[in-house]
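Notes for the one structure printed next.
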């Protein structure tokens, strides 16, 4: 399949995800979210870059606002620089060019927390196919710091999340495959911190994103699981960013 085909699929997925993100965040917030763009078209090294990152304004604490903006920018800046460094030694075949794109979506925002996912696409000229990748940026605006998964839960939370994800991923696979091999899922969604690096708060669930090759083949693409807060009630930290979702 052509590079253009994969890019169209990436853009379609991005449009769906953006629509879902806009629907899922539920808390009003007294600040504005805009998006800034980093673009570059390097004719000599034959690559293009088109990325965006969120910028908040009007937040009541400018120190928090500035720190979040710097944090979000740094995520994209580091990814762009890594790609540009690769391009310095990458030998692009004639009539081919490399591409690097990142788009961001707000999955949840309130006056206490904002949850962003960065959806990336990269193609190294001459490679067999492009790759998609993901970063998440969940930021605690109340305490002015990035949020780790462990900041939101107590107890054996990884097992609770893993158990739900494995069951859901197997269900997804059963929808298009008879007698599926689930060993890939059992390993890639096992209760290890390294398996749950891309996570997002939404208005009704914890979104877990599994990049390509983590729980499925390239052809099957990246996978998402929405873990309802209702199944995580026993492990949500009442003092953490998810405390508003604890049922009274």
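Evaluated at q = 0.17, 0.18, 0.29 Å⁻¹, the base-10 log of the normalised Debye intensity for segment 66-107, with identical point scatterers placed on the Cα atoms, takes the values -0.61, -0.65, -1.07.
How large is the convex hull of the C-alpha atoms of segment 152-243 per residue, in Å³?
On the way: hull volume 8.5 nm³, N = 92.
Enclosed volume per residue, from the Cα hull, is 93 Å³.
Each listed q (0.25, 0.27, 0.29 Å⁻¹) maps to a log10 I(q)/I(0) for segment 91-161 from the Debye sum over equal C-alpha point scatterers, namely -1.08, -1.14, -1.19. Ranking of 88, 148, 32, 67 by neighbouring Cβ atoms within 10 Å, starting from the fewest: 88, 32, 148, 67. In the chain, one over the average inverse separation of all distinct C-alpha pairs is 19.4 Å, which is the Kirkwood hydrodynamic radius.
Calculated mean residue ellipticity at 222 nm for the chain: -10000 deg cm²/dmol, from DSSP H runs with n ≥ 4 weighted as -39500 (n - 2.57), summed, divided by the residue count and rounded to 500. Ordered by the count of other Cβ atoms within 10 Å of each Cβ, fewest first, 169, 232 give 232, 169.
Just so you know, all these numbers are worked out from the coordinates, no wet-lab data involved. Quick caveat: nothing in here was measured; it's all calculated off a predicted structure. Cβ coordinates were reconstructed from backbone atoms using ideal geometry, including for glycine residues, and neighbour counts include every protein chain displayed.
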